[in-house]
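Just below is one structure, and these are the notes that go with it.
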Amino acid sequence: MPNSPTLDDYLAQAERAHGHLCAGQVLGVRMAILGLELLDIHDARGKDRKRLVIFVEIDRCLTDAVAMVTGCRLGKRALKFRDWGKAAATFIDVSTGRAVRLCAKESSKALARELCPELADKEQQQMLAYREMPSADLFTTQWVKVDLPPEEFPGYKGERIVCAECGEGINFHREIRRDGKILCRSCAGESYYRTA
Ligand SMILES: [Zn+2]
Ligand SMILES: [Zn+2]
């Protein structure tokens, strides 16, 4: 087997990609390594790159680190974002359907304080402790099932249609059909913006 990157390799890469090293990055790198290990995926960024889809539940540093270690990106449809504000992610092996959800334990912060009392700064405590702590102290592990329709898979090609109101193109199955009309989510009333 080719030399897999070590934790330190990943942390160095995460620091470069994200702009700084922080406790969230350490947590995200550890989470991704554990997720891949549990799914028995050894080369996520290489030959196994089509096997993995990940749901992340927070838009913080952790998410950047998970994406970096696994190579899963939003633009490849391999990274899905659910804005739940939780330091959690579900790793899915689409070749087998096995899926594991990992969530950072709230207790890990207190544990970091106990492990590194000599460090006054909370962020420093966590950065150091999260490197060393056993996975079981960092994360809860839950084997789950995720129903992924075909259009959620990376590489799926489907038809594109046009919104009857605004005329903008919409990718497969993102439209809303109402009273026989095809509408985009914005015209259907789900918009996040208003015209200025
Ligand atoms: Zn950060
Ligand atoms: Zn529209």
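The values are calculated or read from the model by the stated rules, or taken from the named source; none is laboratory data. Bear in mind the structure is a predicted one, so any value in this text is a computation, not a measurement. Counting neighbours? That spans all protein chains shown, and the Cβs are built from the backbone with ideal geometry, glycine included.
(1) at pLDDT 95 or above; (2) more than 30 Å from residue 8 (Cβ to Cβ); (3) touching a strand residue (DSSP E or B) at 6+ places or on another chain (Cβ under 8 Å): which one isn't true of residue 98, the others all being true?
Result: residue 98 fails condition (2) only.
For region 90-125, name all the residues that are charged (D, E, K, R) and assigned to a strand (DSSP E or B).
93, 98, 101
I want to confirm something. Restricting to region 1-48 and keeping residues that are in a helix (DSSP H, G or I) and of a type in the set (Val, Ile, Thr), which single residue is nearest to residue 123 (Cα to Cα)?
26
For residues that are farther than 18 Å from residue 172 by Cα and of a type outside the set (Lys, Arg), scanning just region 138-154, find the one that is surrounded by the most Cβ atoms within 10 Å (Cβ to Cβ).
It comes out as 139.
Test each condition in (1) within 21 Å of residue 93 (Cβ to Cβ); (2) without any contact (Cβ under 8 Å) to a residue 24 or more places away in the chain; (3) of a type in the set (Lys, Arg) for residue 145 and report the one that comes out false.
Unmet condition: (2).
Taking into account only those residues within region 173-196 that are among the acidic types (Asp, Glu) and surrounded by 10 or more Cβ atoms within 10 Å (Cβ to Cβ), which is nearest to residue 163 (Cα to Cα)?
175
Could you check how many residues of region 99-118 are within 24 Å of the chain's Cα centre (by Cα), among the basic types (Lys, Arg) and surrounded by fewer than 17 Cβ atoms within 10 Å (Cβ to Cβ)?
Here the count works out to 2.
For region 49-58, indicate whether the set of residues that are part of a helix (DSSP H, G or I), at negative phi and touching a strand residue (DSSP E or B) at 6+ places or on another chain (Cβ under 6 Å) is non-empty.
Within region 49-58 (the criterion being part of a helix (DSSP H, G or I), at negative phi and touching a strand residue (DSSP E or B) at 6+ places or on another chain (Cβ under 6 Å)), the answer is no, since none of the residues qualifies.
Considering only residues that are near ligand 2 (Cβ under 10 Å from one of its atoms), in a loop (DSSP other than H, G, I, E, B) and among the hydroxyl-bearing types (Ser, Thr, Tyr), which ones fall in region 148-196?
191 - this is the single residue of region 148-196 that is near ligand 2 (Cβ under 10 Å from one of its atoms), in a loop (DSSP other than H, G, I, E, B) and among the hydroxyl-bearing types (Ser, Thr, Tyr).
Select, from 71, 28, the only residue that is surrounded by fewer than 20 Cβ atoms within 10 Å (Cβ to Cβ), more than 16 Å from ligand 2 (Cβ to nearest atom) and among the small types (Gly, Ala, Ser).
None of the others qualify; the one that does is 71.
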